[in-house]
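Engineer: Sending over a structure as structure tokens; questions will come in a sec.
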Amino acid sequence: MTMPVADLPLWVVIAVSTFLLLGSGLTLLGAIGLLRLPTFYQRIHAPTLGTSWGTGAIMLASILYFSIVGSRAVLHEILIGVFVTLTTPVTLILLARAALHRDRAEGNDTVPSANPPQDQP
């Protein structure tokens, strides 16, 4: 038997709302950073905030809400969180390395060289 949504305790409503607002705010911040930052290397960092912390907060809200409404522990959202947490940094590294390789091949002076100069004592 599931609990009607109107009968949820106040603490659940406040907690779920807080997590949803936090998660959506972080995701919005990442999206704004993606649009506003000037270079690719700066832009690549902004969405990772939204996907990691924003997804985590939304996932916690979902776990809490559906666990209370369904009167049983709902934990399959953790798989989504683990998947996003593992794939986001890997994708970031691959995109950054591909862009760095492209910029070095084109001779772009704004990226560091492949072999930085060594300091001589």
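Engineer: So which of ILE63, ILE68 ends up being of a type in the set (Val, Ile, Thr), in contact (Cβ under 8 Å) with a residue 24 or more places away in the chain and part of a helix (DSSP H, G or I)? Let's see the steps before the verdict.
Structural biologist: Details: ILE63 fails: in contact (Cβ under 8 Å) with a residue 24 or more places away in the chain.
One residue alone meets the criteria, ILE68.
Engineer: Another one. If I filter the range 43-62 down to residues being out of contact with any Leu (no Cβ under 7 Å at 6 or more places or on another chain) and at pLDDT 90 or above, which single residue comes out as most open to solvent (accessible area, probe 1.4 Å)? Walk me through it before giving the result.
Structural biologist: Of the range 43-62, the ones out of contact with any Leu (no Cβ under 7 Å at 6 or more places or on another chain) are 45, 51-52, 55-56, 59-60, 62.
When the remaining residues are screened for being at pLDDT 90 or above, the result is 59-60, 62.
Details: MET59: 39, LEU60: 83, SER62: 28 Å².
Residue satisfying both the conditions and the ranking: LEU60.
Engineer: I've got another one for you. Give me the residue from the range 90-108 that is in a loop (DSSP other than H, G, I, E, B) and open to solvent by less than 80 Å² (accessible area, probe 1.4 Å) and, out of that set, nearest to ARG43 (Cα to Cα). Even if it seems obvious, please write down each step before you answer.
Structural biologist: First pass over the range 90-108, keeping only residues in a loop (DSSP other than H, G, I, E, B): 106-108.
From the residues that got through so far, the ones that are open to solvent by less than 80 Å² (accessible area, probe 1.4 Å) too are 107-108.
Numbers: GLY107: 21, ASN108: 18 Å.
That would be ASN108.
Engineer: Does any residue of the range 71-78 turn out to be more than 20 Å from ALA15 (Cα to Cα) and either out of contact with any Asp or Glu (no Cβ under 6 Å at 6 or more places or on another chain) or open to solvent by less than 70 Å² (accessible area, probe 1.4 Å) (or both)?
Structural biologist: In the first step, residues of the range 71-78 are kept if they are more than 20 Å from ALA15 (Cα to Cα); the result is none.
Checking the range 71-78: not a single residue is more than 20 Å from ALA15 (Cα to Cα) and either out of contact with any Asp or Glu (no Cβ under 6 Å at 6 or more places or on another chain) or open to solvent by less than 70 Å² (accessible area, probe 1.4 Å) (or both).
Engineer: For the range 1-42, which positions are in a helix (DSSP H, G or I), of a type in the set (A, V, I, L, M, F, W, C), exposed (fewer than 12 other Cβ atoms within 10 Å of the Cβ) and over 17 Å from the mean Cα position of the chain (by Cα)? So that I can check it myself, show each step before the final result.
Structural biologist: Taking the range 1-42 and keeping what is in a helix (DSSP H, G or I), we get 5-7, 10-36, 40-42.
Narrowing further to those that are of a type in the set (A, V, I, L, M, F, W, C): 5-6, 10-16, 19-22, 26, 28-29, 31-32, 34-35, 40.
Okay, now just the ones that are also exposed (fewer than 12 other Cβ atoms within 10 Å of the Cβ), so 5-6, 10-11, 14, 35.
Scanning the range 1-42 gives VAL5, ALA6, LEU10, TRP11, ILE14.
Engineer: Quick check on THR48: is it closer than 24 Å to LEU21 by Cα, among the polar types (S, T, N, Q) and within 13 Å of the chain's Cα centre (by Cα)? Steps first, answer last, please.
Structural biologist: Values: closer than 24 Å to LEU21 by Cα: yes; among the polar types (S, T, N, Q): yes; within 13 Å of the chain's Cα centre (by Cα): yes.
Here the answer is yes, as THR48 does meet what is asked.
The values are calculated or read from the model by the stated rules, or taken from the named source; none is laboratory data. On a predicted model such as this, the values are computed, not experimentally measured, just so you know. Glycine also receives a Cβ, built like all others from the backbone with ideal geometry; neighbour counts cover every protein chain displayed. Keep in mind that these areas ignore ligands, DNA and RNA; they rest on the heavy atoms of the full protein, side chains included. Shrake-Rupley method; radii C 1.70, N 1.55, O 1.52, S 1.80 Å.
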